[in-house]
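Asker: Encoded as structure tokens, here's the structure I'll be asking about.
The values are calculated or read from the model by the stated rules, or taken from the named source; none is laboratory data. It should be emphasised that the depicted structure is a prediction, and the values quoted were computed from it without experimental measurement. Note: areas computed on protein heavy atoms with side chains; ligands, DNA, RNA excluded. Shrake-Rupley method; radii C 1.70, N 1.55, O 1.52, S 1.80 Å.
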Amino acid sequence: MILFFYNMALLAVLVAGSPWWLWQMATAQKYRDGLRARLGKVPPALAGLHRERPIIWLHAVSVGEVIAASRLIAELDQAFPGYRLVISTTTRTGQQLARQRFGPNPVFYCPLDLPWAVRAYLNALQPRLLILAETEFWPNLLAGCFRRGIPVAVVNARISDRSWPRYRRFRWLWRPILSRLTRVLAQSETDAERLETIGCPRDRITVAGNLKFDVRAADESDATRQLKALASHLRLVVAGSTLEGEEAALLEAWPSLLAADPQLALILAPRHPERFDAVAAILASSGVPWVRRSLWQGKDTEELKPFNGGEIVLLDSIGELASVYSLASVAFVGGSLIPAGGHNPLEPAQFGVPIVMGPHFANFRAITEDLLTHNALRIAAKEELASVLIELLREPTAATAMGERARQVFNQQAGATARCVHALRELLPSGSTPERSS
């Protein structure tokens with residue numbers, strides 16, 4: 001009955017919002033990408049895959065979930081050689097990164113949570129197991145799996161501070177759905193308690209840890225190699241995953257940083273690709289010398305001009321930030337100067353880089369508080385940003401020690417991937433894998 005009312009409400013929203021959606025599709029490429037697939041047109045590459053080997057379907061929404069699941073996907077490939085892993089994403093950027101990272105594993109857009117679209121994919125894939133990253137609870141997708149007896153596991157499960165009041169308010173709606181999940185592998189005890197409150201049976205919840213502690217940066221990116229050559233004589237401030245308003249704050253702080261150390265360069269990496277041009281326009285009007293990383297693509301380092309102190313690089317690429325953090329003298333992790341919940345401080349932590357964040361980090365509260373407990377991260381409001389960055393740049397010995405503490409926190413928290421693989425093994429027939437088809 002709840003599913004019926006959900007679908008009626010979904011239909012009403014689609015009808016009422018159709019003018020807006022049509023306008024977005026007409027004006028923005030990201031809304032057109034994969035539209036047919038999202039509406040239930042199964043890509044030919046997925047047809048008949050289940051006849052070759054049984055399918056494990058893993059869904060990761062966007063870039064953050066794709067990165068978090070990267071190590072797990074590699075381990076699943078090794079642990080279950082008789083199965084074929086397929087990966088779906090929701091966003092275009094997640095799709096691009098997944099296609100870069102997962103090689104022979106088919107990658108596709110997840111269908112919209114419409115009954116006919118979900119049915120088409122379940123019919124085509126006939127998965128033996130559905131794995132959801134974090135909290136992708138789509139009622140039609142889950143109900144379709146439950147009807148077919150397909151186990152559903154949630155890995156890296158969490159309920160953020162921001163979404164917790166909403167989940168708790170509507171737990172009467174979630175309980176009939178979440179009570180049927182097969183396995184829930186939570187990031188922390190707090191997440192486990194919240195998941196239980198909204199309907200997940202406690203005996204099916206395990207605190208497995210955060211997969212992001214197991215993710216190491218991929219091979220050194222082209223941007224990292226080029227920056228090493230072009231800025232070897234400079235110290236780099238890497239500002240990653242910035243959101244609207246944060247680039248302006250960094251530019252406001254930049255003259256003070258250069259006054260403290262003229263041999264600095266700033267690497268500016270906006271979170272969302274659709275903002276690359278907008279940030280380029282901000283830089284163009286700032287009067288600061290700058291360059292787009294995309295202009296280097298396909299060029300040898302010898303063709304490029306070395307940097308001077310005070311220059312800014314707009315990192316307008318996908319999947320290179322984690323590697324670029326390795327070059328930083330200090331890193332700023334964005335989404336945190338404004339009330340957006342923050343982004344992942346573990347990417348610089350793995351390299352022993354001193355980290356600065358703003359006061360808004362609810363999306364990564366457990367990780368950030370762990371780093372703060374170990375004096376491995378500094379919090380700075382907008383008006384303090386320049387002074388905190390300058391302090392770390394002027395005291396390299398203390399900054400290095402802080403970065404090493406961050407690396408230790410990262411290393412000590414590892415192991416979630418192995419725990420997840422062990423738990424998932426129990427959900428497949430007899431805990432084993434079938435023979436490969438020839």
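Asker: Per residue, how much accessible area does the chain show when a 1.4 Å probe rolls over the protein heavy atoms, in square angstrom?
Answerer: Per residue, the chain has an accessible area of 44 Å².
Asker: I've got another one for you. For helix 246-260, what angle does its Cα long axis make with the longest principal axis of the chain, in degrees from 0 to 90 and rounded to 10?
Answerer: 30 degrees
Asker: Something else: Relative to the first principal axis of the alpha-carbon coordinates of the chain, what is the inclination of helix 416-425, with its axis defined by its Cα atoms, in degrees from 0 to 90 and to the nearest 10?
Answerer: The angle comes out near 10 degrees.
Asker: Helix-derived [θ] at 222 nm for the chain: sum -39500 (n - 2.57) over DSSP H runs of at least 4, divide by residue count, nearest 500?
Answerer: Value at 222 nm, helices only: -13000 deg cm²/dmol.
Asker: Whole Å is fine, so just give me how far the alpha carbon centre of region 367-394 lies from that of region 212-268.
Answerer: Centre-to-centre (Cα) distance: 16 Å.
Asker: I need the shape label for region 17-155. Rule: rounded when a/c is under 1.5, else prolate if a/b > b/c, else oblate, with a, b, c from the alpha carbon gyration tensor.
Answerer: prolate
Asker: Same structure again: Once you sort the root eigenvalues of the Cα gyration tensor of region 285-438 as a ≥ b ≥ c, which label holds: rounded (a/c under 1.5), prolate (a/b larger than b/c) or oblate (the other case)?
Answerer: Judged from the Cα gyration tensor, region 285-438 comes out oblate (a/c at least 1.5, b/c at or above a/b).
Asker: With a/c under 1.5 counting as rounded, go ahead and sort region 170-268 into rounded, prolate or oblate using the C-alpha gyration tensor (a ≥ b ≥ c being the square roots of the eigenvalues; past the cut-off, prolate if a/b is larger than b/c, else oblate).
Answerer: The shape class here is prolate.
Asker: Give the angle, between 0 and 90 degrees and rounded to the nearest 10, that separates the Cα long axis of helix 396-412 from the longest principal axis of the Cα atoms of the chain.
Answerer: 10 degrees
Asker: How big is region 329-418 on each of its three principal axes, counting only the C-alpha atoms and giving the largest first in Å?
Answerer: Taking the Cα atoms of region 329-418, the three principal extents are 42, 32, 18 Å.
Asker: Just to be sure I follow the rule: in the chain, considering lysines 8 or more places apart or on different chains, how many pairs have Cα atoms under 29 Å apart?
Answerer: So the count of such lysine pairs works out to 7.
Asker: State the Kirkwood hydrodynamic radius of the chain in Å, one decimal place, computed from all pairs of distinct Cα atoms.
Answerer: Over the chain, the inverse of the mean reciprocal pair distance is 23.2 Å.
Asker: Can you check what the Kirkwood hydrodynamic radius comes to for region 127-171, Cα pairs only, in Å to one decimal?
Answerer: 11.6 Å
Asker: Something else about it: For region 267-365, how big is the tail of P(r) above 19 Å, as a whole percent of Cα pairs?
Answerer: Cα-Cα pairs in region 267-365 separated by more than 19 Å: 50 percent.
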